[in-house]
C-alpha cells in the first residue's frame, strides 16, 4: 500500500526546496525570474527572449573551443552551444523554446489577414475543408475543389494564361501575412518586364500544395505557381515557399514541381525571391518542363 502521509511529506519537502531555490534552482544561474510575456529578468537586466540574438545566445560553459562554437553560431539560426543546469535546460533556453512553440501554434491556427487580401486585390476561394481543424487533419480535402469553386475560378479568372499565380495559407498563415505584400509585386513586375502574360491572382483558404494541379487543369494554365505558408518550426513561423509546375495535372509525381523555399526575412528576402522566381518561370516556359526534369 502507498503511505499517503509519506508521499505528502516528500511532496512538501520538494516544493519547499523549489521555493527556496526560485526559478533559478535547477535552470539558470545566478538569479533569474520571468518578466513580462516573452522576457526574462536576470541580474536586474530585462532580456527580450523574442529577439534572434537572445534565442541563439551561447549559454554553454567550459567549452573546449569557444571560438569555434561562436563561428558555428554565426552560420545557423539553430540553437547550438546551449548549456544545461544538471539534466535540464537553462531558464533562458527553455523560455525561448516555449515562446517559439507558442508562436508556431499561433501561425498554424490563425487566418490570413482579410485586410491584406483586400489590399492585394485577391478574391478568396476555399478547398473542400470546412474549417481549420479539418484542414489540419484531412490534408486530402485541402487538395480538392468543389465543382462550384471551379466554376467560380473560370468565371473570375482569365482562362489559358501563360502563368497562373495564386496564394494559399498552407500551414502558416503568418508566413503569408509577412511576405506576400513584398513578394507578389516583385514577381508580377518581373514577369511583366519579361513579357510573360499572367492570369488573375487569388487566395485559396485551407489550401495544400497539390491543389495547384486542380487549378492548372481548371484554368488550362501553362505554368501554375502557388505561394504557400510552410509548416512553422522553432526558428521561424514566417517561412513561405513558391511551388511551380509546368502543365500540372492531378496525380502527377511530386518530382515535377520546382520549389523555391525559405522565403522570409531571415532566409531569402521576399522582394529578392519574387525577382528570382520571375526568372525561374521564364526558364520553365522556355524549357517546357519543371521539377527534376528541369535540372537535366
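The values are calculated or read from the model by the stated rules, or taken from the named source; none is laboratory data. These numbers come from a predicted model, not from an experiment. All Cβ positions, even for glycine, are placed from backbone atoms using ideal geometry, and neighbour counts span all protein chains on display.
What the table below lists for this structure:
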{"quantity": "Qualifying residue in the stretch 161-177 (condition: touching a residue at least 24 places away in the same chain (Cβ under 8 Å), closer than 18 Å to residue 117 by Cβ and surrounded by fewer than 18 Cβ atoms within 10 Å (Cβ to Cβ))", "calculated": "no"}
{"quantity": "Test: residue 223 is touching a strand residue (DSSP E or B) at 6+ places or on another chain (Cβ under 8 Å) and farther than 29 Å from residue 78 by Cβ", "calculated": "yes"}
{"quantity": "Unique residue being touching a helix residue (DSSP H, G or I) at 6+ places or on another chain (Cβ under 9 Å) and either surrounded by fewer than 21 Cβ atoms within 10 Å (Cβ to Cβ) or farther than 30 Å from residue 99 by Cα (or both) when the list is 188, 204", "calculated": "188"}
{"quantity": "Residue within the stretch 95-116 that is touching a strand residue (DSSP E or B) at 6+ places or on another chain (Cβ under 8 Å), surrounded by 14 or more Cβ atoms within 10 Å (Cβ to Cβ) and under 30 Å from residue 61 (Cα atoms) present", "calculated": "yes"}
{"quantity": "All positions within the stretch 219-255 that are modelled with pLDDT of 95 or more, surrounded by 15 or more Cβ atoms within 10 Å (Cβ to Cβ) and more than 16 Å from residue 163 (Cα to Cα)", "calculated": "228, 240, 241, 252"}
{"quantity": "Test: residue in the stretch 193-200 that is in the same structural domain as residue 150 (by TED's automatic domain parsing) and under 29 Å from residue 130 (Cα atoms)", "calculated": "yes"}
{"quantity": "Cross-chain or 6+ apart pairs with Cβ under 7 Å, the stretch 237-250 first and over 14 Å from residue 293 (Cα atoms), then in a loop (DSSP other than H, G, I, E, B) and at pLDDT 95 or above", "calculated": "243/209"}
{"quantity": "Filter pass, residue 183 being within 18 Å of residue 111 (Cα to Cα) and in contact with a strand residue (DSSP E or B) (Cβ under 8 Å, 6 or more places away or on another chain)", "calculated": "no"}
{"quantity": "Residue 277 part of a strand (DSSP E or B), within 22 Å of residue 175 (Cβ to Cβ) and either in contact with a strand residue (DSSP E or B) (Cβ under 9 Å, 6 or more places away or on another chain) or at pLDDT 95 or above (or both)", "calculated": "no"}
